[in-house]
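Some notes on the structure that comes next.
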Amino acid sequence: MTKKHDAIFDDVLSGLDAPAPSSERAGARFLKRSTAISERMSGELEEKTLRWIDPARARMWERHNRDYALLNEENCRDLIDGIRAQGQQEFPAIVRRIDDGDHEFEVICGARRHFAVSWLRAHNYAQFKYLVEVRDISDEEAFRLADIENRDREDISDYERAIDYADAVARYYGGKQKAMAERLEVSQPWLSRYLQLAKLPDVIVKAFPNIREIRERNARELKPLLADAATAKAVLEEASAIGREQTAARKGRGGYVDAATVMRRLVRAGKPAQPRAQDAGTTYRRSAGERGINVRRKGHKTLIEFEDGLSRAQLEASFTAFLDDKFQD
């Protein structure tokens, strides 16, 4: 037998010579171990390599779909508290081996877990270690794995995901959106919306308080305004003005402009004010069915218009009706 099979049998047979409380329990234990052997040898049971490591030995994969710099105690508080309450990390991160001198692993999935354990170790909980599953995978496989794990998580923003997709479609799929959609098992329209989000001009991205507040629907709403040269100029100018306000806020001068207000200002800038409906005025006449005078306001003036053919009697009666209306008690 192979060394692997020897190891399996050694594991199964170890302890079988020890006295058992009863033949029934010994039989159940042997049946359980026999089942384990069968599952392993048939391929139904997959073995994983899990390790507890110092998180300092792992770095983020450079194309990880989460911006590690945006992680902090506040947005990782739930995970920090959970690990501390459980006494350990429950679910392993997925890593692969590297050799860059300072690190032995790079993290494919598990950035928040990495941050949480690192934070705990830096705050008097040195006993905690980072639980990882070591895999041997390609970059494209790593991309798909990270996407599957994080696709439905709300703590990864639409914009972070969009940037990741835009990089991947060029890097792994030759710029072919259809091929990428098939590989990710998503619809082309769904993927297209995220790729469109990644194309937002940098000046608009900087108008938001941070990239986590940029949503896929924002790109859809701004797309028609940016497609027209006339409206695009106004939108970009407003975005630049908002960006200056956000920069000032980061320096402690004034408050941030929230994402909802950013969108309202950008959309308003791209949609010229609708002209006021012209005042049709009021018609005063001597009697129903006759022609008369039309009186309407224009700014601070009152315009009175009538046809040349009106008789003196018609005009006098029409003006009298107008004056009675204007100066009524």
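The values are calculated or read from the model by the stated rules, or taken from the named source; none is laboratory data. Small disclaimer: the values here were computed from a predicted structure and weren't measured. With ideal geometry, Cβ positions are generated from the backbone for all residues, glycine too; neighbour counts draw on all protein chains shown.
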Item to complete: Tell me, yes or no, whether region 313-321 has at least one residue that is of a type in the set (A, V, I, L, M), at pLDDT below 85 and loosely packed, with under 11 Cβ neighbours inside 10 Å.
Response: no
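Return the residues of region 51-81 that are assigned to a helix (DSSP H, G or I) and aliphatic (A, V, I, L, M); say none if nothing qualifies.
To start, the set of residues in region 51-81 that are assigned to a helix (DSSP H, G or I) comprises 55-57, 68-70, 77-81.
Residues satisfying the conditions are Ala56, Ala69, Leu70, Leu79, Ile80.
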Response to the item:
Residue pairs qualifying under the 8 Å Cβ cut-off, at least six apart or on distinct chains, with the first in region 107-133 being farther than 14 Å from Arg57 by Cβ and the second being in a helix (DSSP H, G or I) and small (Gly, Ala, Ser), are Ile108/Ala142; Ile108/Ala146; Cys109/Ala146
Worksheet, complete the sentence: Of those in region 184-222 that are in contact (Cβ under 8 Å) with a residue 40 or more places away in the chain and more than 17 Å from the chain's Cα centre (by Cα), the residue farthest from Val262 (Cα to Cα) is Leu184
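Just name the residue that is nearest to Thr247 (Cα to Cα) out of those in region 164-183 that are among the acidic types (Asp, Glu) and touching a residue at least 12 places away in the same chain (Cβ under 8 Å). Show your work before the answer.
So the first thing to find is which residues in region 164-183 are among the acidic types (Asp, Glu), and the list is 164, 167, 182.
Filter once more, keeping what is touching a residue at least 12 places away in the same chain (Cβ under 8 Å): 164, 167.
Values: Asp164: 25, Asp167: 27 Å.
Only one residue tops the list, namely Asp164.
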Discussion item. Restricting to region 103-119, name every residue that is more than 12 Å from Asp54 (Cβ to Cβ) and surrounded by fewer than 20 Cβ atoms within 10 Å (Cβ to Cβ).
Written reply: Glu106
